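The values are calculated or read from the model by the stated rules, or taken from the named source; none is laboratory data. The structure displayed is predicted, hence computed values, not measured ones. Glycine gets a Cβ as well: all are built from the backbone with ideal geometry, and neighbour counts include every protein chain shown.
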Amino acid sequence: MEDSPLSRRRLLWGAAGAAGTALAAVGLPRLMGPGEKAKAAPPRPGHKGPVAAAGPPAARRKDPSVDYAPAVWIEASESNYTASERPEAYPIEYVVIHLTTDILPVMFTKFKDPAERVSAHYMISATGTQIAQCVRERDVAWHSGSVWYNHRSIGIEHEGWTDQPVYTDKMYEVSAVLTATICAKYDVPVDRDHILGHVEVPLSTHDDPGTAWNWDKYMKLVETARRRIRT
């Protein structure tokens, strides 16, 4: 996603309050703002399992299943992705790494707004403690700016900003396992020709995940995770 002006970002802290409340209900932490620590939502009274394992009926009404077990399902508007039957319709050949440049509650609101015309398959919190799936892998998320690459890739958003990156070790690790799992499932080579930053998509007008993203570290984590996954 493109970076938002700092002034606009500050206004969004207040606007995201209501969305943050809904987000906490399904177990995802809300990033409070630059320099503040994100905190996971506490378990509901009497809840004995992981918070992410349950959620309000509204969050689970339409196809509660996810493609990746650790994720919670927070669906994007049907107007923001293309229904498909991949990999039969189109081969999945790439994973595209993104940076949200907004807090997760704002991103979920965008994905649910039919006017935004944008989505991604997965979003990972800044702390790396939670993953949300917004578009099924079989469907085409609108994330890369390229119709051709959209049809042949899985898009993963990471919470943070290019001018204030918050790439934690946990975020790298969780993302790497997700990417390795996708690569194993669809036989995507674990290399930099097939695991791309948004900026590397041909004719991209975006610069995420930014120069602070440690590709060497990330690829080593993906390679390690991929070796552990049986195909």
**the range 77-118 - residue that is among the acidic types (Asp, Glu) and touching a residue at least 60 places away in the same chain (Cβ under 8 Å) and, of those, surrounded by the most Cβ atoms within 10 Å (Cβ to Cβ)** = 102
**Request:** Please work out which residue is modelled with the highest pLDDT, limiting yourself to the range 188-231 and to residues that are under 21 Å from residue 160 (Cβ atoms) and among the hydroxyl-bearing types (Ser, Thr, Tyr).
**Result:** 218
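For (1) hydroxyl-bearing (Ser, Thr, Tyr); (2) assigned to a helix (DSSP H, G or I); (3) closer than 20 Å to residue 197 by Cα; (4) in contact with a strand residue (DSSP E or B) (Cβ under 9 Å, 6 or more places away or on another chain), each residue gets a yes or a no:
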site	(1), (2), (3), (4)
69	no, no, no, no
75	no, no, no, yes
91	no, no, yes, no
106	no, yes, no, no
110	no, yes, no, no
115	no, no, no, no
**Item:** Among residues of the range 177-214, those that are under 21 Å from residue 88 (Cα atoms) and among the hydroxyl-bearing types (Ser, Thr, Tyr), counted
**Value:** 3
**Prompt:** Restricting the first residue to the range 140-161 and requiring it to be under 18 Å from residue 175 (Cα atoms) and buried (at least 24 other Cβ atoms within 10 Å of the Cβ), which pairs with a second residue that is modelled with pLDDT of 95 or more and acidic (Asp, Glu) meet a Cβ separation below 8 Å and a spacing of at least six or different chains?
**Reply:** 143/157; 153/93; 154/137
**Request:** Output the number of residues of the range 170-212 satisfying the condition of being polar (S, T, N, Q) and crowded, with 20+ Cβ neighbours inside 10 Å.
**Result:** 2
